[in-house]
Amino acid sequence: MDTIAIPAINLAVIAPEVVLSVVAMALLLINVFVKSEQKGYLGYLSIAGILGTLLMLIPAWGSSVEGFSGTIIQDNFAIFFKVIFLISAAMSILITDKYLEREGCNQGEIYPLILFATVGMMLMASGTDLMTIFLGLEVLSVSLYVLAGFNRNNIKSNEAGLKYFLLGAFSTGFLLYGMALTYGATGTTKIAKIASYIAMNGVSSSNLMLVAGMILMSTGFAFKVAAAPFHMWTPDVYEGAPTPMTAFMSVGPKAAGFAAFARVLLVALPALKPEWSSLLWVLAVLTMTVGNITALYQQNIKRMLAYSSIAHAGYILVGFTAGNAVGTAGILFYMLSYAFMNIGAFAIIILVGKKGEENSNVSDYAGFGYRHPVLGIAFCIFLFSLAGIPPAAGFIGKFYLFSGAIQAGYIWLAVIGVLNSAASVYYYLRVMVFMYFKEPTEDFEWVKLTPAFVLCLLIAVIGVLVPGVLPGLFLELAQKAVLM
Amino acid sequence: METLFFLIVAAIAVICSLMVVTNKNPINSALSLIMTFFCLATLYVMLEAPFMAAIQVIVYAGAIMVLIVFVIMLLNIKSEAGRRTSHALFMGISVGLLLLVQTWYLLVKSSLSSVRGTVDSAMISKVGHTELIGKSLFTDFLLPFEITSILLLVAIVGAVVLSKKKL
């Protein structure tokens, strides 16, 4: 019997993922010995793990290393996204502890699950094999199903978990079928080899099997990033899930979905660009319009932000449709600033909320701006950024996404995007109108700020304002991380 | 002869999978699902993938189905009462038909050109299917194989978190 030649294993490529998984497993063990009142310390331990992973990523910037016979790569694109994932995970963990205590579901398993979800996202961003991307997506999804239903005593949280699970499993089927058809058409699951096979054999849109594979994979990814018409699960899941997990879910997994989507379309299937850009054009317009118009009618602020996150996925799809360097850099920049503004907004929602997810209607914010001036200003900064008003980072991000579309010749797409962005100002401003121009109906409890919350809000405000005022540095980083 | 056999097995698989979703008694659904798995295993054998066929029977038709039947018994799921709305049925059928037409178009209009892999029946009978799978699992797909272990761990933790009575 001949021996199996094990290919070169480059552990340095997966070192960040390994470290984070080991930290998560260690936390699972430590959790058993920690008393229920002290579970918050697990959060700090997991943040330490995240910081360690970040420190490992920074020296790797600028290099591009492959490993495990081409199933994974660590390049600037992957590192940029990994930093977004780690930041969003750390910020969500900062606001988790107090929320869990209030809702009475203070279980330590939430921290390892968040870390495992982050590992899944990191694998999605750096996977260069359809199998790696798929398994990363599954690690992420399974953790998210549990995180959405984590508040077991709340029936809405149960509904969110179950609904996400059923629809997510269904969409995974589409993704996998698409991957299978692509494999059938090209004979490989490695992204670089798919591209070279297509280039060498002149396979293009004439091979409908490949086109069908591309469409089905797009369907799977569009579900994960909550693009219309695959967005039906989003409002229910975002409303029912524990609020810190909603914050996490609306940023990290969305970025991960876009990262994997970008790698598959831009690196593996650039030959099909006419096909997929027309597909994404429709998706982008539908997503922006449906998200914004439905958000106009929402009374519950979590639902409103859920629809707004759908609309934001639409803006990112605009940059995607362009498919050029400016648009792709815009995606990266926007994802980074979106992480700060959205998690910041959700942190305020947690502070205002009461046990049992009460106080989450827009009308509950009446008078909030006067009772808590500092928090009110912070909330306004986040909402302005979400609406895309300068000098917040959201404006610069949208500017680059839309200018990418104009450069690529999609004038109408950019026009629709700007119109949508203008419409969205209405529902963000409505919250501010309630905060500053309406009399409070009941007295506000004095919000108890913990150091972790202050830190999270501080990071968020800095993360929104600094890239907004000084976009040059961040854009340069984003441009270096572009796949092309 | 082989085509005829394939058609028979495929027809049984389709009919059984339809019965999985149309049966009102959950136990009958589960039994139909086992039958579907057996048909799939037969298809694997016809594709000269005996290892996959064995795994299909042992893991899916064996272990997983036993679990499903146990869950049905433990939860004491009753037969489903009443019919679902015809509205959803109509939508489902129309979307299904649309997909069928699209698939048909795909098969007729397109050149379903594809790559011929290096593994053929001569190689399978010489080296062995199990060894071939093992080799690619531990060389080309080593990392995905290891990620699966994380996936299983997450699933176990998740199941405990969501369903344990007292945490």
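The values are calculated or read from the model by the stated rules, or taken from the named source; none is laboratory data. Because the structure is predicted, anything quoted here is derived from the model rather than measured. Cβ coordinates were reconstructed from backbone atoms using ideal geometry, including for glycine residues, and neighbour counts include every protein chain displayed.
The table that follows gives values for the structure above.
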{"item": "Residue that is farther than 30 Å from A:Lys35 by Cβ, crowded, with 24+ Cβ neighbours inside 10 Å, within 17 Å of the chain's Cα centre (by Cα) and of a type in the set (A, V, I, L, M, F, W, C), where the choices are A:Ala148, A:Ala117, A:Ala125", "result": "A:Ala125"}
{"item": "For A:Asn151: the one exception among (1) touching a Ser or Thr at 6+ places or on another chain (Cβ under 7 Å); (2) in a loop (DSSP other than H, G, I, E, B); (3) of a type outside the set (Lys, Arg); (4) facing another protein chain (nearest Cβ under 9 Å)", "result": "(4)"}
{"item": "Within the stretch A:440-466, considering residues that are more than 20 Å from A:Pro244 (Cβ to Cβ) and in a loop (DSSP other than H, G, I, E, B), the one modelled with the highest pLDDT", "result": "A:Pro440"}
{"item": "Per-region count, the stretch A:157-203, residues more than 20 Å from A:Leu216 (Cα to Cα), more than 10 Å from every other protein chain (Cβ to nearest Cβ) and surrounded by fewer than 16 Cβ atoms within 10 Å (Cβ to Cβ)", "result": "4"}
{"item": "Qualifying residue in the stretch A:76-95 (condition: away from chain B (no Cβ under 14 Å), over 19 Å from the mean Cα position of the chain (by Cα) and either modelled with pLDDT under 95 or surrounded by fewer than 23 Cβ atoms within 10 Å (Cβ to Cβ) (or both))", "result": "no"}
{"item": "Residue list for the stretch A:403-417, filter: surrounded by 15 or more Cβ atoms within 10 Å (Cβ to Cβ) and in a helix (DSSP H, G or I)", "result": "A:Ser403, A:Gly404, A:Ala405, A:Ile406, A:Leu413, A:Ala414, A:Ile416, A:Gly417"}
{"item": "Identity of the residue in the stretch A:27-75, within 13 Å of another protein chain (Cβ to nearest Cβ) and among the hydroxyl-bearing types (Ser, Thr, Tyr), that ends up surrounded by the fewest Cβ atoms within 10 Å (Cβ to Cβ)", "result": "A:Ser36"}
{"item": "Residues located in the stretch B:126-138, provided they are in a helix (DSSP H, G or I) and more than 7 Å from every other protein chain (Cβ to nearest Cβ)", "result": "B:Lys126, B:Val127, B:His129, B:Thr130, B:Glu131, B:Leu132, B:Ile133, B:Gly134, B:Ser136, B:Leu137"}
{"item": "The lone exception for A:Phe437 - which of (1) surrounded by fewer than 15 Cβ atoms within 10 Å (Cβ to Cβ); (2) closer than 30 Å to A:Lys82 by Cβ; (3) at pLDDT below 90 it fails", "result": "(2)"}
{"item": "Tally, over the stretch B:107-124, of residues that are in a helix (DSSP H, G or I) and in contact (Cβ under 8 Å) with a residue 12 or more places away in the chain", "result": "2"}
{"item": "Flag if B:Leu89 is at pLDDT 90 or above, over 30 Å from A:Ser143 (Cβ atoms) and more than 7 Å from every other protein chain (Cβ to nearest Cβ)", "result": "no"}
{"item": "The stretch A:1-19, residues that are under 20 Å from A:Phe80 (Cα atoms) and either more than 10 Å from chain B (Cβ to nearest Cβ) or among the small types (Gly, Ala, Ser) (or both)", "result": "A:Leu11, A:Ala12, A:Ala15, A:Pro16, A:Val19"}
{"item": "The stretch A:107-128, subset in contact with a strand residue (DSSP E or B) (Cβ under 9 Å, 6 or more places away or on another chain) and more than 8 Å from chain B (Cβ to nearest Cβ), residue nearest to A:Thr96 (Cα to Cα)", "result": "A:Ser126"}
{"item": "Residue match in the stretch A:299-317 (condition: under 28 Å from A:Asp97 (Cβ atoms) and more than 18 Å from the chain's Cα centre (by Cα))", "result": "yes"}
{"item": "Residues located in the stretch A:24-80, provided they are touching a residue at least 60 places away in the same chain (Cβ under 8 Å) and among the basic types (Lys, Arg)", "result": "A:Lys39"}
{"item": "In the stretch A:195-253, the residues that are of a type in the set (D, E, K, R) and within 15 Å of the chain's Cα centre (by Cα)", "result": "A:Lys224"}
{"item": "Residues of the stretch B:147-167 satisfying the condition of being more than 9 Å from every other protein chain (Cβ to nearest Cβ), assigned to a helix (DSSP H, G or I) and farther than 17 Å from A:Tyr145 by Cα", "result": "B:Ser149"}
{"item": "Qualifying residue in the stretch A:129-147 (condition: under 25 Å from A:Phe77 (Cβ atoms), among the small types (Gly, Ala, Ser), part of a helix (DSSP H, G or I) and away from chain B (no Cβ under 11 Å))", "result": "no"}
{"item": "Residue under evaluation B:Leu47, criteria (1) under 21 Å from the mean Cα position of the chain (by Cα); (2) among the aliphatic types (A, V, I, L, M); (3) modelled with pLDDT of 90 or more, criterion not met", "result": "(3)"}
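Let's see how each residue does on (1) within 11 Å of chain A (Cβ to nearest Cβ); (2) exposed (fewer than 11 other Cβ atoms within 10 Å of the Cβ); (3) at pLDDT 80 or above:
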residue: B:Gly96; (1), (2), (3): no, yes, yes
residue: B:Leu106; (1), (2), (3): yes, no, no
residue: B:Val115; (1), (2), (3): yes, no, no
residue: B:Ile124; (1), (2), (3): no, no, yes
residue: B:Asp140; (1), (2), (3): yes, no, yes
residue: B:Phe145; (1), (2), (3): yes, no, yes
